[in-house]
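> Starting off with a structure, shown below.
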Amino acid sequence: MTVTSLIPEIRQYLERLFPLNRSLTGEANRQTLSILRELIPLSVHEVPSGTPVYDWIVPDEWAIRGAWISDSHGRRLIDWAESNLHVASYSIPVNETMDWSALEPRLQVHPELPDAIPYRTLYYNRDWSFCVTRGQYETIRVADGPFEVVIDSELKPGSMTLGEFVLQGRSSEEILISCYICHPSMANDSLSGVILAAFLARELSRRGDLKYTYRFVFVPETIGAIAYCAFHESEIKKVDIGLVITTVGGPGLFGYKKSFDPTHPINRLVEETFHDAGVGHITYPFDIHGSDERQYSSQGFRVNTITICKDRYYEYPEYHSSLDNLDFVKADAITASLDLYLRLIDKLENRVIYRNRIPCCEVMLSRHDLYPARGGAQRPELGGRSELDLILWLLFLSDGRRSIDDVAHELNVGAKSLRPIADKLLKKGVLELV
Amino acid sequence: MTVTSLIPEIRQYLERLFPLNRSLTGEANRQTLSILRELIPLSVHEVPSGTPVYDWIVPDEWAIRGAWISDSHGRRLIDWAESNLHVASYSIPVNETMDWSALEPRLQVHPELPDAIPYRTLYYNRDWSFCVTRGQYETIRVADGPFEVVIDSELKPGSMTLGEFVLQGRSSEEILISCYICHPSMANDSLSGVILAAFLARELSRRGDLKYTYRFVFVPETIGAIAYCAFHESEIKKVDIGLVITTVGGPGLFGYKKSFDPTHPINRLVEETFHDAGVGHITYPFDIHGSDERQYSSQGFRVNTITICKDRYYEYPEYHSSLDNLDFVKADAITASLDLYLRLIDKLENRVIYRNRIPCCEVMLSRHDLYPARGGAQRPELGGRSELDLILWLLFLSDGRRSIDDVAHELNVGAKSLRPIADKLLKKGVLELV
Amino acid sequence: MTVTSLIPEIRQYLERLFPLNRSLTGEANRQTLSILRELIPLSVHEVPSGTPVYDWIVPDEWAIRGAWISDSHGRRLIDWAESNLHVASYSIPVNETMDWSALEPRLQVHPELPDAIPYRTLYYNRDWSFCVTRGQYETIRVADGPFEVVIDSELKPGSMTLGEFVLQGRSSEEILISCYICHPSMANDSLSGVILAAFLARELSRRGDLKYTYRFVFVPETIGAIAYCAFHESEIKKVDIGLVITTVGGPGLFGYKKSFDPTHPINRLVEETFHDAGVGHITYPFDIHGSDERQYSSQGFRVNTITICKDRYYEYPEYHSSLDNLDFVKADAITASLDLYLRLIDKLENRVIYRNRIPCCEVMLSRHDLYPARGGAQRPELGGRSELDLILWLLFLSDGRRSIDDVAHELNVGAKSLRPIADKLLKKGVLELV
C-alpha cells in the first residue's frame, strides 16, 4: 500500500466532517467521533459538566439551533444556517431588538481579511457575538434598524465527549498521539489533524505487530486534553514521547515543532524523517504556546511532544477564519503529512534497544556462525565499514541503555544498515531485546 | 534615599577611624568596633590568647604606648607618635643603645616609594623593626650614634576581639559579609571595607523585611576569620554565598574577584550588577591568594565568595604603605562601591525560587483572573515578549529548582520585568515560594 | 641502571624464544613460559581442553612433529623443519598423495610479499593448509605430481597453558599487564611484547616498594585472555587500567592506542610519557579490533586498556609473515619501548591522591615551618609560579578525590614540580595520602 491510494477516502471524510459545528461539547462532537468509528474502534467517554479536572472545570454543554440578524423589514442580513462561524462558539441565547449602536459592538470582523468570517470563541465568558465579513458589516450598518437579533442556543449541564483508541503493541511503553475535535468548519486547524490521526490509527491497526502501544486521543483542545490527563494521570506520567497532530493539510511548507528538551531523541528522529523523505521543512523551537503539547509537556507529565505540520497554526493568513476551508485544505496534502508521520513511526518502531547477552569478553563469532561471508571487506552500504566491524561494535556498545539509533549515531553509520546485522545477532541469541 | 547622601557621614567615619592603631588584637580594635556600634548593634566577642582554632592559636595581645629612635644628642629622629606605621605590628619591647650597623638591619624602607613608610607586621615572629621613609633612613644613617632605640610595647595574654552582626531575614539562609579590622591607618586596604560593610549593614537594617539573613563579620584578617569560622562552623558550612569587602575606596578602577566556582550564580549576579549600573570593571579570576575568601572557600566550607573592589589590594602602588591614606581614599569612592554592593544585594534579594502549584496541565488563567489586560501584545519592556507569554513560561519553568534569575536567563529576559509577573502569580496562589 | 644495559640480554632471549613453534596450546608454549621463569617467578596454570569459558571452549591441544610436500621423485619441495610457518597452526594430520589440482587450494601465499611465507591459523576449523612463498608455489606448480603431502600433527584433549605473575604493591589496586604467547616465530607481533612484559616485570620486581599491584598475564591471545578473565572475574572487574603489550620491536614509529574512554587519565599519562621522553608517535583511536583489550574492555570488565607499540600490528608490511623476523625486530627497539613503559609506570606510581588534613580554613604555614625560603618568588621550574602559590593551591585542591596529576593539570603546572612540594606537605602532616 502507498498512502496516496488513501487520497479519495480522505477527501470523502474531509467533506463529511467539515460542515459539523464542533465546539468544546455538543452533538457535533459526538457525531464526529461516531463518523471516525467507521475507521477505528474509538471508545467514547462523557465527562459531566462541572467535573473538576486539575485547575479547570468541565463547562456546560452548548447547543445552537439557529441565529440571525434581521432588519426592520424582516430581511435576514446574517443567518447562522449559512456558516457555523457566524456565531461565536458558546454564545448565550439572545432574543432582542436593538439599534445599530447597541449591535455594533457585538459584530466581529477579521482584522485583515475583509472577505473572511473570523472564528471566535467565548467559552468561559457567558457572552455572545456575531462574526461577519466586512461586507456584511457594512450591509448591516446601512440597513434599517432596529434589528431583530436572535441566537437560539442553549447552555446547560450535559457532558464533554472524549474519544480514545489504545492500540496495544508488544511493549507496554506508550506513544501518545493527540488531536483536537473542537473546531467547527476549520479545515486545516483541527480537522486535518483529526482525519490524519484517524487514518494513522487505522494504518497502524492494519499493520499489527507493533512494538509500542499507541494511545490515540481525540478530545477538545485544552479542557479536553486536561480532562483526559486527569483521568489517565498515571498512564500519561509514564509516557516519554508524544505527537500532537494539527494543521497538516495546507498548501504551504512542512514544519515541525520541537519538544521541550531539544536533545531528546524524538527530535533527531523527526529530522531524520524529513531528511530520508527528502522533504524540506521549517523548524520551530519549542514554545510555551501552541496546542495540547502544553498539557503533555507540563511539569506533572513532561512528555516530549512534537508536531509535524503543513501550514502551521498562527502562520497562514486564513488561520481561524472561514477561509480555512476545503479550498485551502486538500486530501493530498493530508496524505503527504500522513506519509511523514508513518515514516516517523517506522523510525520509532525501529528504535530498539539491545543488550549483549555475553557481556564478559568477546563473543566467539565462529561458534554462532557469525563470521560474515565477506569477512572484513569494507562495504559502501555500511558506511565504508565491514560487516565484521559493525558486529563487533554492536556487541561492544549494546549495553541495554543505548538504542540502536544511539549506536548508529555514535558509529556514524545509518541505522538502516545496522538493523539487519543486529537482527542476525538477535537470532543467534548473542543480543537480546530489552 | 540615594547613597550619595551618605558621603559626609562616611567621610566623618573615615577621619575618626583612620588614626587608630589597629592590629590583630588590642584596644584600637575594640575602639573601632565601639565606634561602629554607633551605626549597627554589633555584638563583640573576646577570644582569649592561646585559644586553638583549627591549625592556629590566638596570639597574645599587643599594645604599644610609644617608640622612638634618638641620636646621641637626644634628638628624636623617628617618633611612633607621628605614624602608627613606624613600628612593625607586634614588635616586641626594645630599650637599647646601638650603633648604625646594629640598627640598620632593623630599618625597613619601601622598595619602590621613597616617600612612603612601608606597612609591616611581625605577628608570629617575636621580633621587632622600624619602618621609615627613604629620607628618614638617610637622616639616621648620617646622624651621630649610638642611637637610643625604644619600643614601649607589651605582648601578653589577653584576647582577640571579633565583631558580629546578624541581620535576621525571613529565611534562615545566610549571606556571609566579611571585612577585616586589623590594619592600622590603611585607608583603602581594610578601613574602606570596614566602613562600607558597616554602612551596608545599617542600610539593610533600615530597609528591614529582607529575604536572606545577613551575617556581617568584622574580624582581624586570617586569624580572626579562622577563629570566627571555628566558633560558627555549622553556620558557615551552610552558607552558599559570601562577600569579602576590602579596598573599595581608591580613585582607580572597579574590579571583582570571582568565586572559586566560576559557574556559580553569584558571579553572574555581580556581572549583571556592573552591567546594570553601567560601570566598567576589571575581572579577576579566583586565586588562592587574597583575603578571607581563603578561609571561607576552604574545603571545609566552600562558600562561593566574591569581592567587588576599587583599586584592588596588591595592584595600586600605595598598597601597604603610608600613602594608602586619606588623600588616596575618598568617601565618594566608598559610596560608589556601596552603591554596587547594594545593587548586588538587591539582585540577591530578588533571587527567588518559585514552584508552580498546579504542575499537571495548564493553569486556567481566566479562573484566576490572570489574562493580562493587554493580552498577547509584545511589550518592549518585557524584552519584546508579551505578558501572557511570560506568564506561561514562568509556570512552565518554575519547578522549585530554578530561581527566577535562572528562568530569566533561560528566557533571555531581564529579571526585573519577570518579577512583578511572578508576584502576581504568587498572589493568585498559582506559584508558591520555595 | 639505564635500560640500554639490558640490550644484550634482551637480544639473547629474542634469539632463544624466536624459533619455538608457539600456538594456542602445546609444548612450545610451556617451553616459552619456562624460559621466562628465568626472569620472573611466573606461576603456570593448565586449563583442560573442553573447559567452557564464557562464550568459548578451550580447544584440544595441538602438536606437530613434521610436515612436507614431496614430488613424485620423492624430493621434498616444502619442509616444515625449515619454517614453523609452512603449516597453518592447528592443521589436522594429513597423509595423502594428490595431484596439483587438489593440492593447489591448500597452498597459501602472501597476497603482497612474494618472498614471504604468510602466517595462517585454523584454530577452530578442523582443516589444514600449507603456507609458502610465491617462488615455492611456482616450484610445486611446475614439479611432477602426484605429490606426497604429509602433516604429522596431532589434535587431542590436553590443556592450554596460562602464565601469571602478580607483583604485590602497597595498594591492592591492580594494573593489568597482558601479552600473548601464541605466535610461532613472529618477532614483532607477539614475541617482542612477551619479552618486554617479562623484562618490565623483572625491573619492577627489582625496584620493589611499588604502590600498585601489577598483574602480569602471559596467555594465548583471545581464548587465553578469555579463560584468564573467566578464572579471575572478580579481580579483573575491579581493575581500572590495563596495558596490552605487543608489537614493540619494529624499526618504525612509536604509536599508542587509546583506551575506550578517551577522557580516562591513562590516555593523558601516555601522552605525557611520550612528551616527557621527547618521542614522536602516532595516536590510534580506540577500535574494537586489536588484541586482548577486546576482552578487558568488554562490558563485563570495562578496563581502560592502552597499548604503546613500535610498528603496530596491521600496519607494517611484514605483519603476519615470515619477514616479521629477527632482521626486522631488534633488541634496541624493544628496549626503547621498555623505557616508555617504565616511564609510564613511573607516572602511574607517581599518581597519588592527597587529602588536606586541615580542611577548614587555611593551614598556618609558619607553624609547620612551611613558609618557603624564597617565599613568593616566581620560579621558572615551577611554571612561573612561586612555591608558596603551589603550596596554597595544593592545599586548596587536594580533597581526596583529585590525584596530584589532576591538580597539576588544573594548575597547568608539571606534576614533577608539584610532587616534591606535596611530599613536603605530607611530611609535615598537613596532607595525607588516600
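> Below 8 Å between Cα atoms, with a sequence gap of 6+, how large is the relative contact order for segment C:215-308 in percent? Kindly include the intermediate steps, with their values, before the conclusion.
On the way: 117 pairs, mean separation 41.4, N = 94.
Normalised by residue count, the contact order of segment C:215-308 is 44 percent.
> Charges on Cβ only, +1 for Lys and Arg, -1 for Asp and Glu, centred on the Cα centroid of the protein assembly as shown; of B:251, C:216, B:196, which one is farthest towards the dipole's positive end?
With unit charges placed on the Cβ atoms, the residue in question is C:216.
> Can you report the principal axis dimensions of segment A:311-359 using only the alpha carbons, biggest first, rounded to whole angstrom?
63, 21, 10 Å, listed from the longest principal axis down.
> Tell me the relative contact order for chain C as a rounded percent, counting alpha carbon contacts under 8 Å between residues six or more apart.
Details: 899 pairs, mean separation 69.3, N = 434.
Once divided by the residue count of chain C, the mean separation gives 16 percent.
> Round to the nearest 10 and report in Å² the accessible area of residue A:222, as given by a 1.4 Å probe over the protein chains' heavy atoms.
Result for residue A:222: roughly 30 Å² accessible.
> Let me ask something else. Between 0 and 90 degrees, rounded to the nearest ten: what's the tilt of helix A:265-277 against the longest Cα principal axis of chain A?
For A:265-277 against chain A, the angle is about 90 degrees.
> How many square angstrom of accessible surface are buried between A and B, both sides summed, with a 1.4 Å probe and rounding to 100?
1800
> Moving on to the next point. With point charges of +1 on the Cβ of Lys and Arg and -1 on the Cβ of Asp and Glu, referenced to the Cα centre of chain B, which listed residue (B:336, B:88, B:13) lies farthest in the positive direction of the dipole?
B:336
> Looking at segment A:279-320, which chymotrypsin sites (Phe, Trp or Tyr not before Pro) are DSSP coil and have at most 14 other C-beta atoms within 10 Å of their C-beta?
Qualifying residues, ordered by number: A:314.
> Also: Dipole of segment A:62-156, Cα-centred, from +1 at each Lys and Arg C-beta and -1 at each Asp and Glu C-beta, to the nearest 20 debye?
Charge dipole, segment A:62-156, about its Cα centre: 260 debye, nearest 20.
> How far apart, in nm, are two points set 7 Å out from the Cα along the Cα-to-Cβ line at residue A:231 and at residue A:367?
For residue A:231 paired with residue A:367, the spin-label model returns 5.5 nm.
> Then there's this: Could you name every residue in segment B:327-373 that has 20 Å² or more less accessible surface in the full protein assembly than in its own chain alone (probe 1.4 Å, ligands and nucleic acids excluded)?
In segment B:327-373, residues shielded by partner chains: B:358, B:359, B:360, B:361, B:362, B:364, B:367.
> With a Cα-only, solvent-free Debye model of segment B:62-156, what are the log10 I(q)/I(0) values at q = 0.15, 0.16, 0.21 Å⁻¹?
Ignoring solvent entirely, the Cα scatterers give -0.51, -0.58, -1.03.
> Which trypsin sites (Lys or Arg not before Pro) in segment B:118-226 pass both tests, a DSSP loop state and at most 13 other beta-carbon atoms within 10 Å? Don't skip to the end; give the middle numbers.
On the way: sites: B:120, B:126, B:134, B:141, B:170, B:202, B:206, B:207, B:211, B:215; in loops: B:120, B:126, B:170, B:211.
Passing sites in segment B:118-226 are B:126, B:170.
> Using +1 on the beta carbon of Lys and Arg, -1 on that of Asp and Glu, and nothing else charged, what's the dipole of chain C about the Cα centre, debye to 20? Spell out each step's value before the answer.
On the way: 46 positive and 59 negative charges, 386 e Å.
Rounded to the nearest 20 debye, it is 1860 debye.
> Can you give the Rg/Rh ratio of the protein assembly as shown, where Rg is from the C-alpha atoms and Rh is the Kirkwood radius? Mind dumping the intermediate values first?
On the way: Rg = 42.8 Å, Rh = 39.1 Å.
Result: Rg/Rh = 1.10.
> Let's see if you can work this out: charge +1 on each Lys and Arg Cβ, -1 on each Asp and Glu Cβ, no other charges. What is the dipole magnitude of segment A:354-433 about its Cα centre, in debye to the nearest 20?
Using Cβ point charges on Lys, Arg, Asp and Glu, segment A:354-433 gives about 200 debye.
> Given R₀ = 60 Å, FRET efficiency for residue C:253-residue B:104 by Cβ-Cβ distance, to 0.05? Provide the component values of the computation, followed by the final result.
On the way: r = 65 Å, r/R0 = 1.08.
Efficiency computed from Cβ-Cβ geometry: 0.40.
> Chymotrypsin sites (Phe, Trp or Tyr not before Pro), restricted to segment B:76-130: which are DSSP loop and have at most 16 other Cβ atoms within 10 Å?
B:124
> Could I have the simple spin-label model distance between residue C:9 and residue A:126, label points 7 Å from Cα toward Cβ, reported in nm to one decimal?
For the pair residue C:9/residue A:126, the computed spacing is 10.1 nm.
> Still on this model: Ignoring ligands, DNA and RNA, what accessible area per residue does chain C give at 1.4 Å, in Å²?
Accessible area per residue: 39 Å².
> I'd like to know how segment B:371-431 sits against the 2.2 N^0.38 Å rule of thumb: what's its Cα Rg over that expected value? Before the final figure, lay out each step's value.
Values: Rg = 10.6 Å, N = 61, 2.2 N^0.38 = 10.5 Å.
With N residues counted in segment B:371-431, Rg over 2.2 N^0.38 Å equals 1.01.
> Taking 20 Å² as the minimum loss, tell me which residues in segment C:267-302 lose that much accessible area going from the chain by itself to the full protein complex (1.4 Å probe).
C:286, C:288, C:289, C:294, C:295, C:298, C:299, C:300, C:302
> Right, next: Out of the total accessible area of segment A:137-196 (probe 1.4 Å, heavy atoms of protein only), what percent is carbon and sulfur?
Roughly 46 percent, rounded to a whole number.
> Next question. When each copy gets a label point 7 Å from Cα toward the beta-carbon at residue A:429, what are the spacings between them in nm, shortest first?
Distances to the matching label points in the other copies: 6.4, 6.5 nm.
> So how many Lys-Lys pairs in chain B land under 12 Å Cα to Cα, not counting same-chain pairs under 8 apart?
Pairs that pass both the separation and distance tests number 4.
> What's the minimum Cβ distance from chain B to the axis relating it to C, in whole Å, and which residue gives it?
Smallest Cβ distance to the axis, with its residue: B:263, 11.
> Turning to a different aspect of this structure: Using Cα atoms only, what is the angle between the long axis of helix C:331-349 and the major principal axis of chain C, expressed in degrees (0 to 90) to the nearest 10?
That works out to roughly 40 degrees.
> Next up: Helix C:193-207 versus the longest principal axis of chain C: what is the Cα-based angle in degrees, 0 to 90, to the nearest 10?
In chain C, helix C:193-207 runs at an angle near 40 degrees to the longest axis.
> Would you please report the Å³ per residue occupied by the convex hull of the alpha carbon atoms in chain B?
Cα-based convex hull of chain B, divided per residue, equals 140 Å³.
> If you don't mind, another one. Taking each label point as 7 Å beyond Cα in the direction of the beta carbon, state the distances from residue B:367 to the same residue in the other copies, shortest first, in nm.
6.3, 6.3
> Additional query: At a cut-off of 50 Å², which residues of segment C:45-91 become less accessible once all protein chains are present than in their chain alone, using a 1.4 Å probe?
Residues passing the criterion (a loss of at least 50 Å², heavy atoms only) are C:55, C:56.
> Here is a follow-up. As a test of the formula, what do you get for the protein assembly as shown when each DSSP H run with n ≥ 4 contributes -39,500 (n - 2.57) and the sum is divided by the residue count, at 222 nm and rounded to the nearest 500 deg cm²/dmol?
-9000 deg cm²/dmol
> Once you mark the GluC sites (Glu not before Pro) that are in a DSSP loop and have at most 15 other Cβ atoms within 10 Å, what is the longest gap between them in chain B?
The reported range is B:174-314.
> Is there a simple number for the mean count of other chain Cβ atoms within 10 Å of the Cβ of residues in C:394-402, and what is it?
Other-chain Cβ atoms within 10 Å of each residue's Cβ, averaged: 2.
> Please report, for residue B:252, the nm distances (one decimal) from its label point, 7 Å out from Cα along the beta-carbon direction, to the equivalent points in the remaining copies, shortest first.
5.9, 5.9
The values are calculated or read from the model by the stated rules, or taken from the named source; none is laboratory data. Predicted, not measured: the structure shown is a model, and the values here were computed from it. As a convention, Cβ positions derive from the backbone with ideal geometry for all residues, glycine included, and neighbour counts pool all protein chains shown. Keep in mind that these areas ignore ligands, DNA and RNA; they rest on the heavy atoms of the full protein, side chains included. Shrake-Rupley method; radii C 1.70, N 1.55, O 1.52, S 1.80 Å.
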